[in-house]
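Student: The structure is given below, and queries will be raised subsequently.
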Amino acid sequence: MSTMTATDKSPRITYAPDIEACPRAENSAPYRPGSMDSRILRRRSMSKQGRKSIDPSIALPPVFKTLSFGVDEQQKTKTKTETKSKSISKDKKAEIKFNDLDYHKISAEDIYSRFSSSPSRGLSSEQVARKITEFGLNAPSPPPSQWFKKTAGYLFGGFGAILFIACILVFIAWKPLGQPPAVANLALAIVLALVWLIQAAFSFWQDFSASRVMASISGMLTDSCMVLREGQWKHTEGKNIVPGDVVKLQMGDKMPADVRFVEVSSDVRFDRSVLTGETMPLLGSIDSTDNNYLETACIGFAGTHCVSGSAVGVVVSTGDKTVFGRVAKLTSAPKPGLTPLQKEILYFVSVIVCLMLTMILVVIIVWATWLRKSYPAWISVPALIVDCVSVAVAFIPEGLPIAVTASLTITAAVMKKNKVLCKSLKTVETLGAVNVICSDKTGTLTKNQMTVTDYLIGVEEEIAIRAPGVYGNQSRGLAQLALLSGVCNNGEFVAETCERPLTERKINGDATDQAILRFAESMTPVNLLRTAWQVTFRIAFNSKSKFMINVIKRPEACAS
């Protein structure tokens, strides 16, 4: 038999950001900046502004997580990357920039010194004016419009260039080559010009919806906040915040910029779901809890909420230099490359153009080598131009852009009725090419409602609706499962709804806790279980550990 021993030198895993000490009902811990509170936090929605067309809380978390993991990888392979190619993508550049930030690693005194600020007086008016000139306003800059490039694409993309050239040639055939000018040629030129413009208008409409993204993201930034300037706390517009400002945050406030916390209450929590997608608020701290700038608890990110407690912090980044601004910029930036539908249309256009040019060359060669010599009065140069244009127009499916745009628009409208909002019409076609959609976020593709359908004790699987009947038959395994489901659970029944049927009661907590709490309540009253057992130690679930731990004891054992 072999034995295994552990020494003090073995590595240990810590989960400082989410550890809570208890007992559950106690609330007498002395205040210490950065200390952790034992009370169960009931999450509240503090956003008072309705989100506009496209919900950034769906678009931003994937990019944020990608950058966070990228920063971790950059820290692990920092020495190896120096020998690699200098060709780096925008995402990699952003990861490197976040990896270089050290605001979370230095002390509060160093933060004040770096930004020439003061914990008692903040910044002066002269400093604020100078920093606004240096760093700009605290607002995300709109993406480059590229209106000239887009307009040229609308007008000359696809068959647009051929229609434009055909229109010009027919106008030339009308005047000055027409002797006398033929009204039919003028009418044909006008028709071609109208078709060309209508096609461009439909192409413009196809990309119009994408311009709403930045407006939606901008609407999530704070309007005003409490700032310490020249020794006095003042309400200041969010756009006038500058690096070095000392800001005060209370429950319900939205973070105006990236902030390094210097004072926090014991119960302060911040909701980062707009960036991370995680439903559980995170503890705030004045000490760094992670080397990763995007995961540490001593940094507050612009656009996130303070859902409990209070904090004081120093602004370290504003505008496009905040995490919110950088992630939003990566999210709203145009993606290079063509979609599968665009590639197919480009291939189709290329084939049609080759056939069209071949036929036009055949017409010109026949006219130049035979008809012009044998029948000089039959087809003149203006007539030849009109004939070539006619051949070209005959090959061009003028209704293709309109048909494609109309079909995608109709599909997008159907998806909108089913509560799926597409960023652009190109997304509709891309979704049509997807076989499997994977999502780990309840509420993204579902209604954020979960129900326990089956449970397993030992090797026996049972249906959840039969649990109340089995519980009364002295099933020890099911009794233990009910105890764990009720006590090791962050969900709480809303007191005003406790008299309603179980399915109609409201619960404060995420979807998983709600489902398990209803399952436990269906077998035995949860309040009795929580009276008989108390939580003495807790590690809440988070995206890094991917599990939760609760240590429970009977009250007499906890008291002793």
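Student: Would you kindly state how much longer the chain becomes between Lys416 and Glu460 on full extension, computed as 0.36 nm times their sequence separation minus their alpha carbon distance, in nm to one decimal?
Tutor: Gain in length upon complete extension: 11.5 nm.
Student: Could I ask something else about it? Could I have the simple spin-label model distance between Met450 and Ile165, label points 7 Å from Cα toward Cβ, reported in nm to one decimal?
Tutor: Label-label distance for Met450 and Ile165, simple model: 6.0 nm.
Student: Could you give the spread of the C-alpha atoms of segment 274-322 along their three principal axes, from largest to smallest, in whole angstroms?
Tutor: Extents along the principal axes: 26, 23, 23 Å.
Student: For segment 243-354, what % of the accessible area comes from carbon and sulfur atoms, probe 1.4 Å?
Tutor: 58
Student: Report, in debye and to the nearest 20, how large the dipole of segment 229-297 comes out about its Cα centre when Lys and Arg carry +1 and Asp and Glu carry -1 on their Cβ.
Tutor: 260
Student: Return one whole number: the accessible area per residue of segment 286-386 in Å², for a 1.4 Å probe.
Tutor: For segment 286-386, the per-residue accessible area is 48 Å².
Student: Also, I was wondering about something else. Do the alpha carbons of any pairs in Lys254/Lys417; Lys149/Lys329; Lys234/Lys506; Lys239/Lys329; Lys329/Lys506; Lys131/Lys254 sit beyond 29 Å of each other, and which pairs?
Tutor: Lys254/Lys417; Lys234/Lys506; Lys329/Lys506
The values are calculated or read from the model by the stated rules, or taken from the named source; none is laboratory data. Predicted, not measured: the structure shown is a model, and the values here were computed from it. All Cβ positions, glycine included, derive from the backbone under ideal geometry; neighbour counts span all protein chains shown. To get the accessible areas, we keep the full protein, side chains included, count just its heavy atoms, and leave off ligands, DNA and RNA. Shrake-Rupley method; radii C 1.70, N 1.55, O 1.52, S 1.80 Å.
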